[in-house]
Amino acid sequence: MSMQIDPIDLKFTHDQIYFCVNEHNLLTMQKISEIITNPSYSPFKLKTTKKGKYYVSNSPHTDHIFELLQNFPGISSVLLEHPLFKLSRSVRALQKAYSNLGYELDQPINPLLLPHEQYVNAILPIVNGFVNELKRDSTSRMAMTDRHQRLELINEIKKANARVMKKLFKTQQRFNLNIFTYIFHMDKCESRDKPFIEQGLTQQISKMIDQFHENYKSEILELFFRVQRDLSNNYVLTVYSATERECEPLSMKDFIPLRNGNSLIITPHSNITLSAHEVDYPMDIQDVEGTNEKRWKAIFSELLAKYHYVYYESEYVSPKFIYKDCSTNY
């Protein structure tokens, strides 16, 4: 029942206007920011010996930070300036501070030299300035508001999903969760950044969901979905439909209007191609023959973790999940 899915994260657009190497890059930036902005963190520590006092690297965090930053490609101006990709204040601040660090140093910091007193003394004031810049930004009103809003969004999405899944586990005990992932590839779509393309795509997705729901309305216990835009400029639709354990796995492919087998019909020259992956996960309240409620919450939380540093939101695309009314089947 599966069709091979292309990697989401590692693509560049055909004109090389890339956003960033992949989402792992942003995750790394977020982690670096969290280490540095911890109130107890300092990059160097003072050591006292018979020969006097001197500074050394505050291992292992300082070494690890600069190992990561050595391979840090940065974020393109396209992503930084894009109004609909909601980059966290943390990664923006790190990008700015690290850019400033590059102007002040003759060459990137070498983590292998951080244990040496002479090397540390040479870079001490510049690195302390880099760290202090990030710490100051993390306590600004804008940074605190950004973190709070992201946490509120994640918690709101979690609570909505928890209510639905709790009801399923309580009434069904064991059930199937069909998970469909559809990637709409925009690399050959000349108008991919035009609002009418996004509007047309989301309208088509709504029709597909409605048709799927109508066709299987006697079998679907719960149905929810989300559309997001990834860092390769593609749109990703993820659909979750719950059915009784005895029900055969469902498929939504028949409700996707394709031209020549793989091109979505939005406009005459939209050139949007599709790759799909459909799987069926067994769910079991006892965690014997499937995933239980606790493990599902952990899986769902991991799915939302990236919202701490990036998500996409526009007039037509939301980071939240949309739930269809399936109450008649309970």
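The values are calculated or read from the model by the stated rules, or taken from the named source; none is laboratory data. Because the structure is predicted, anything quoted here is derived from the model rather than measured. A quick note on method: Cβ atoms are made from the backbone with ideal geometry, for glycine too, and the neighbour counts reach across all protein chains shown. Areas reflect the complete protein model, heavy atoms only, side chains present, ligands, DNA and RNA absent. Shrake-Rupley method; radii C 1.70, N 1.55, O 1.52, S 1.80 Å.
In segment 170-199, which residue that is under 18 Å from residue 230 (Cβ atoms) and of a type in the set (A, V, I, L, M) is surrounded by the fewest Cβ atoms within 10 Å (Cβ to Cβ)? The residue in question is 179. Total residues in segment 252-300 satisfying the condition of being open to solvent by 40 Å² or more (accessible area, probe 1.4 Å), part of a loop (DSSP other than H, G, I, E, B) and closer than 20 Å to residue 165 by Cβ: the figure is 5.
Mind counting the residues in segment 301-317 that are open to solvent by 80 Å² or more (accessible area, probe 1.4 Å) and within 14 Å of residue 157 (Cβ to Cβ)? Can you show your working first?
Taking segment 301-317 first, the residues open to solvent by 80 Å² or more (accessible area, probe 1.4 Å) are 302, 315.
Those still in the list that are within 14 Å of residue 157 (Cβ to Cβ) too: 302.
Within segment 301-317, residues that are open to solvent by 80 Å² or more (accessible area, probe 1.4 Å) and within 14 Å of residue 157 (Cβ to Cβ) number 1.
Screening 197, 154, 179 for residues that are in contact with a strand residue (DSSP E or B) (Cβ under 6 Å, 6 or more places away or on another chain) and not in a loop (DSSP other than H, G, I, E, B) leaves exactly one candidate, 179.
Restricting attention to segment 98-149, which residues are of a type in the set (S, T, N, Q) and under 31 Å from the mean Cα position of the chain (by Cα)?
As a first pass, look at segment 98-149 and keep what is of a type in the set (S, T, N, Q): 99-100, 107, 110, 118, 121, 128, 132, 138-140, 145, 149.
Hits for segment 98-149 are 99, 100, 110, 128, 132, 138, 139, 140, 145, 149.
Residues in segment 96-145 that are open to solvent by 30 Å² or more (accessible area, probe 1.4 Å), under 18 Å from residue 35 (Cβ atoms) and touching a strand residue (DSSP E or B) at 6+ places or on another chain (Cβ under 9 Å): 128 alone.
Checked across segment 69-77, the condition of being open to solvent by less than 70 Å² (accessible area, probe 1.4 Å), more than 21 Å from residue 24 (Cβ to Cβ) and assigned to a helix (DSSP H, G or I) holds for no residue.
Could you list, in sequence order, all residues of segment 211-251 that are part of a helix (DSSP H, G or I), touching a helix residue (DSSP H, G or I) at 6+ places or on another chain (Cβ under 9 Å) and either open to solvent by 10 Å² or more (accessible area, probe 1.4 Å) or at pLDDT below 95 (or both)?
Within segment 211-251, the first condition is being part of a helix (DSSP H, G or I), and the residues that meet it are 211-215.
Those left that are additionally touching a helix residue (DSSP H, G or I) at 6+ places or on another chain (Cβ under 9 Å): 211-212, 215.
Selection gives 211, 215.
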